[in-house]
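Trainee: First the structure, then my questions, so here it is.
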Amino acid sequence: MRGHFITFEGGEGSGKSTHAATLAQRLKERGIDIVLTREPGGSTGAEIIRHIILSGIAKPLGAETETILFAAARDDHVRTTIRPALTDGKWVICDRFIDSTRVYQGILGQVDGKLIRGLERVTVGAQMPELTFILDVPAAVGLARAKTRRGTGVADRFESESVENHERMRQAFLALAKMEPKRIVVVDGRAPRDVVSERIWAAVRERLLGEKPDEQVNENTVHAVESAAP
């Protein structure tokens with residue numbers, strides 16, 4: 001039986017890595033084999049490209065070049081990590097995937113959507129995520145969290161963008177969710193961590209495990225995309 005593919009998206013400091021790991025642990029407790037991965041990265045070749053991208057040395061080359069670098073990393077990641085795991089019946093949980101490229105390079109970098117979609121067809125093909133969580137927090141909140149997380153470290157290529165650009169990216173993620181409601185679930189990342197985790201778990205149980213969550217949890221699983229805070 002083929003595995004399931006879940007991705008986590010959202011702005012910096014929205015809690016993607018934390019909740020991806022939490023979900024992976026809950027599924028492991030169910031006896032499900034999990035591959036927890038990330039982008040850019042997740043495979044040997046992709047991790048090398050990750051260093052190039054996040055260091056910022058490719059930024060002067062332009063958004064199109066960065067997009068192609070992301071695509072090269074994604075191609076290696078899909079071929080060597082994601083596709084084999086799904087074929088083996090494992091569940092794959094990925095911290096960032098195609099939606100980050102659509103938002104960061106497509107919206108912020110103004111890269112032609114035809115280029116992005118063409119690269120998706122080549123690198124992703126049929127390996128589209130079945131369920132994507134967008135953890136939504138105001139840009140200022142997310143950037144403050146990211147700053148606390150890195151401590152005295154230097155902001156990476158994307159954390160160093162202005163708060164205005166991060167808010168634009170936030171709105172772009174929410175716009176994607178409106179366009180693909182069957183795949184994308186928006187979760188209010190400002191809620192307490194355990195509340196966010198339960199909302200994510202309820203959606204996974206209902207959509208991928210075929211279980212009906214408790215009525216009270218189900219009613220509060222996710223806030224509607226239309227009511228997401230601006």
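Trainee: Once R0 is set to 45 Å, what does the formula 1/(1 + (r/R0)^6) return for the Cβ-Cβ distance between Ile48 and Glu211, expressed as a FRET efficiency to the nearest 0.05?
Mentor: 0.65
Trainee: If you don't mind, another one. Any chance you could list the semi-axes, whole Å, largest first, of the equivalent ellipsoid that the Cα gyration tensor gives for the range 44-96, using √(5λ)?
Mentor: That gives 26, 9, 9 Å for the three semi-axes.
Trainee: Same structure, new question: Using a 10 angstrom cutoff on alpha carbons, build the Gaussian network for the chain and name the most mobile of Asp136, Asp88, Asp188.
Mentor: Taking springs between Cα atoms under 10 Å, the residue moving most is Asp88.
Trainee: Additional query: Per q in 0.14, 0.19, 0.22 Å⁻¹, report the Debye log10 I(q)/I(0) for the range 45-168, using one uniform scatterer on each alpha carbon and no solvent.
Mentor: Once normalised to I(0) and log-transformed, intensities are -0.69, -1.22, -1.45.
Trainee: Please compute the contact order of the range 5-227 in relative form: average sequence separation of alpha-carbon pairs under 8 Å and at least six residues apart, divided by the residue count, as a percent.
Mentor: Relative contact order, the range 5-227: 27 percent.
Trainee: Let me ask another. For the chain, go through all pairs of different Cα atoms, get the mean of 1/r, take its inverse, and jot down that Kirkwood value in Å.
Mentor: 17.9
Trainee: For the charge dipole of the chain, defined by +1 on Lys and Arg C-beta atoms and -1 on Asp and Glu C-beta atoms about the Cα centroid, which residue among Val141, Ser14, Ala46 has the Cα displaced farthest towards the positive pole?
Mentor: Ala46
Trainee: Just to confirm my numbers, what's the Cα centroid distance between the range 128-148 and the range 74-126 in Å?
Mentor: Cα centroid to Cα centroid, the span is 18 Å.
Trainee: Moving on. Below 21 Å, Cα to Cα, which lysines can Lys90 reach? Residues fewer than 8 away in the same chain don't count.
Mentor: Once the sequence-local lysines are set aside, what remains near Lys90 is Lys16, Lys28.
Trainee: Here's something else I'd like to know. How many times 2.2 N^0.38 Å is the alpha carbon radius of gyration of the range 1-45?
Mentor: So the Cα radius of gyration is 1.26 times the expected 2.2 N^0.38 Å.
Trainee: Which of Ile48, Ile34, Ile134 moves the most in a Gaussian network model of the chain with Cα springs under 10 Å?
Mentor: Ile48
Just so you know, all these numbers are worked out from the coordinates, no wet-lab data involved. If you're wondering where the values come from, they're calculated on a predicted model, not measured in any experiment. Positions of Cβ are backbone-derived with ideal geometry, glycine not excepted, and every protein chain shown enters the neighbour counts.
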